[in-house]
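Enquirer: The structure's right below; bear with me while I get my questions together.
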């Protein structure tokens, strides 16, 4: 017999394929929005959809992105029928590199908006743009609306991710939409995760069917 | 005149969305390739008049496949369909010789318009 927790959150291969394409579209849109802030191209990779317990997240992140490297983690929660958290991981120091790509006028604007700490502000702003545009596009494609909490810096310079467990119900199963990316001609990668949980699964399954319905014969 | 169309995309969902958005009444023969390498191979065999090409694909991506197809046939008509609409990505594919670029998910009307333009361009070549 199936484990109830797993069966609640299981997706068929078709559903995963649809979700993967939706994530691909959403992240592509998000990077175009980011290009308006920083003048650097983002090299996209193929998104990956995984289902795992929240307790497995720290190990997954360690294996996926840092291998001991220190990273900054930023993110924000979103609420609605589509409910979850967006997380952005960048190597420590990436903000200093990315700051160079801000135009002067934007730098002035950000300085006013974000206060004294320009580099931390930039990390949070990049997180806000990527997560907001990505989750917003997923929501648009799946015909729903979400609201967001303000973006926040979870950790700057950590190399383990146990802290994340404080932010989630560890009894739950996470649907992890993962996109690795690289900034053009920069020697570092970033990782965007969109996490949702079983409370959104039934809605999501129906929304995925509705989305594909418009492309059926 | 467009007779054969090749869709190159690693996502089965994206291929289905595109295939079902292409007008049915024109009698196009539609073929599919699952990545850039497969796309180049099928282009050589099928010689389609129009190729719809994704960019983000494993192994051989859309940029490389577009470049290779244009090397094989300098008149190859490749319509890039992508979610990657960053200004630099757009300028890169246009420099590589893409006919046009459509933002995913492209609506049926947009696809029909792109095919009409391709048809006119093909007539102009003759």
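Enquirer: May I ask you to compute the full-extension gain from residue A:147 to residue A:210, defined as 0.36 nm times their residue separation minus their alpha-carbon distance, rounded to one decimal in nm?
Expert: 20.5 nm
Enquirer: What is the diffusion coefficient of the protein assembly as shown in µm²/s, taking the Kirkwood radius over Cα pairs and the Stokes-Einstein relation at 20 °C with a viscosity of 1.002 mPa s?
Expert: So the translational diffusion coefficient is about 101 µm²/s.
Enquirer: I would also like to ask the following. With everything on Cα atoms, drop me the angle between helix A:201-213 and the longest principal axis of chain A, reported from 0 to 90° to the nearest 10.
Expert: The answer is roughly 90 degrees.
Enquirer: Per residue of A:11-22, how many C-beta atoms from partner chains lie within 10 Å of its own C-beta, taken as a mean?
Expert: Mean partner shielding for this stretch: 3.
Enquirer: Taking the mean number of other Cβ atoms within 10 Å as a proxy for protection, how do you rank B:110-119, A:141-150, B:45-54 from highest to lowest?
Expert: Sorting B:110-119, A:141-150, B:45-54 by mean packing, highest first, produces B:45-54, B:110-119, A:141-150.
Enquirer: Using Cα-Cα distances under 8 Å and only pairs 6 or more residues apart, what relative contact order does chain B have, in percent?
Expert: Here the relative contact order equals 25 percent.
Enquirer: Please report, for the Cα atoms of the range B:1-63, the Rg to one decimal and the Dmax as a whole number; what are they, in angstrom?
Expert: Both quantities, over Cα of the range B:1-63: 11.2, 35 Å.
Enquirer: When Cβ neighbours within 10 Å are restricted to other protein chains, what is their mean count per residue of peptide A:41-49?
Expert: 4
Enquirer: Sorting B:9, B:61, A:33, B:25 on the 10 Å Cβ count, fewest up front, what's the list?
Expert: Lowest to highest Cβ neighbour count: B:25, A:33, B:61, B:9.
Enquirer: Under a point spin-label approximation (7 Å from Cα along Cα-to-Cβ), what is the residue A:165-residue A:56 distance to one decimal in nm?
Expert: Here the answer is 1.6 nm between the modelled labels.
Enquirer: Provide a whole-number value for the mean count of partner chain Cβ atoms within 10 Å of the Cβ atoms in peptide B:78-88.
Expert: The shielding value for this peptide is 6.
Enquirer: Restricting to Cα pairs below 8 Å that are 6+ residues apart, what does the relative contact order work out to for chain A? Please round to a whole percent.
Expert: So the answer I get is 35 percent.
Enquirer: Okay, next question. Would you mind classifying the range A:15-64 by shape? Square roots of the alpha carbon gyration tensor eigenvalues, ordered a ≥ b ≥ c; an a/c under 1.5 is rounded, otherwise it is prolate if a/b is larger than b/c and oblate if not.
Expert: Taking the square roots of the gyration eigenvalues as a ≥ b ≥ c, the range A:15-64 is oblate.
Enquirer: Would you mind getting me the FRET efficiency between residue A:101 and residue A:156? Use the beta-carbon distance for r and R0 = 30 Å, nearest 0.05.
Expert: FRET efficiency, residue A:101 to residue A:156: 0.90.
Enquirer: Return the equivalent ellipsoid semi-axes of chain B as a descending list in whole Å, where each equals the square root of 5 times an eigenvalue of the C-alpha gyration tensor.
Expert: 19, 16, 15
Enquirer: For the range A:126-193, how big is the tail of P(r) above 13 Å, as a whole percent of Cα pairs?
Expert: Roughly 77 percent, once rounded to a whole number.
Just so you know, all these numbers are worked out from the coordinates, no wet-lab data involved. Quick caveat, the model's predicted, so the values are computed rather than measured. Don't worry about glycine lacking a Cβ; one is built from the backbone with ideal geometry, like all the others, and counts go over all protein chains shown.
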